[in-house]
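Data first, discussion second: the structure below is written as structure tokens.
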Amino acid sequence: MKVVILAGGYGTRISEESHLKPKPMLGIGEMPILWHIMKIYSHYGFNEFIICAGYKQYIIKEWFADYYLHNSDITFDFTCGNQLQIHNTQEVEPWKVTVVDTGLNTMTGGRVKRIQKYVGNEPFMLTYGDGVSDINIDELLKFHKSHGKIATLTTVNVGQRFGVIDMDKNGTINSFREKNDTDGSVINGGFMVFNPQIFDYIEDDTTVLEKTPLETVANMGQLMGYKHNGFWHCMDTKRDKDNLENLWNSGNAPWKIW
């Protein structure tokens, strides 16, 4: 099963760093958060990725183009016609990565629609390029297959900076709404699974995935929520990035399950 990662936005709320590179390429430790997300999926054996790039998409492409060299010792011999010799190659991930320029101003749904030809007519996983978790991907997929509906998203309960989800005790998501001061509701933490029918509800580049497509399948009773009670953290602001960086440097990063 392929893993689609949304990595094309501007990252305006962390613009002090994202003006130089896409937010998914901002580092935690020595590696971009995009790499951390991919390592989570790879731990469960999912190694084929489709990256929905947009803003400064060339940086993502160049990083993967040089990934093998970055993990090797290299001799550049300029005395013999600029020959390159690779030594002591470190083990690299068994990944197949397709980076797609999905447009600079395309909305989330539009980005997903643009990569339909790379997904094909099969279920796929989707997440955002700025959030990490200790989620059990195997259990998520088991839940998705058990209910047989079009879509599953992972629900997490964190603060109230985001819009919230109305979900019944069986896990069926009925609606989305804006937060209020008394809320203790769950939010969409990404780590979603879709059957290919989801493409039918995405119109064009202006479609926001979290609006018409998910609201429509929710109204149809075709959207389920997988409750994750463990660690989840997004990198929405500079403060978020610093928190993740501190966890990583402490040696106790909860999402490091590999």
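Throughout, read-outs are computed from the coordinates displayed, never taken from laboratory work. From a predicted model like this one, the values you see are computed outputs, not experimental measurements. Note that we place each Cβ from the backbone using ideal geometry, even for glycine, and neighbour counts take in every protein chain shown.
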Problem set entry | Top positive-direction residue, dipole computed over the chain with Cβ charges, set HIS43, SER175, THR75 | SER175
Seminar exercise, completed: Each label sits 7 Å from Cα toward the beta-carbon; between PHE76 and ASN229 the label points are separated, in nm, by 5.4
For this session: Indicate, rounded to the nearest 5 percent, the antiparallel portion of the DSSP beta bridges found entirely in the chain.
Result: 50
For this session: Treat each spin label as a single point 7 Å out from the Cα along the C-beta direction, and report the MET1 to ASP205 distance in nm.
Result: 3.1
For this session: Between beta-carbons, use under 14 Å as the cut-off and find the net charge around TYR118, counting Lys and Arg +1, Asp and Glu -1.
Result: +3
Seminar exercise, completed: Log10 I(q)/I(0) at q = 0.13, 0.15, 0.16, 0.21 Å⁻¹ for the range 40-109, from Debye over equal alpha-carbon scatterers, is -0.56, -0.69, -0.75, -0.98
For this session: Would you mind checking the radius of gyration and Dmax of the range 1-147 based on alpha-carbon positions, in Å?
Result: 17.2, 64
Exercise. How big is the gap, in Å, between the Cα center of the range 59-124 and the Cα center of the range 179-258?
Worked result: 25
Exercise. Going 7 Å from the Cα of ARG239 in the Cα-to-Cβ direction, what parts of the range 117-132 have a backbone nitrogen less than 11 Å from that spot?
Worked result: none
For this session: Would you please name the GluC sites (Glu not before Pro) within the range 190-258 that are DSSP coil residues with at most 13 other C-beta atoms within 10 Å of their C-beta?
Result: GLU203
For this session: Taking all pairs of distinct Cα atoms, average 1/r, flip it, and tell me the Kirkwood hydrodynamic radius of the chain in Å to one decimal place.
Result: 19.3
Problem set entry | Helical contribution to [θ] at 222 nm, DSSP H n ≥ 4, -39,500 (n - 2.57), averaged over the chain, rounded to 500 | -7500 deg cm²/dmol
For this session: Select from TYR55, ASN249, GLY120 the residue farthest towards the positive end of the dipole of the chain; place +1 on Cβ of Lys and Arg, -1 on Cβ of Asp and Glu, and compute about the Cα centre.
Result: GLY120
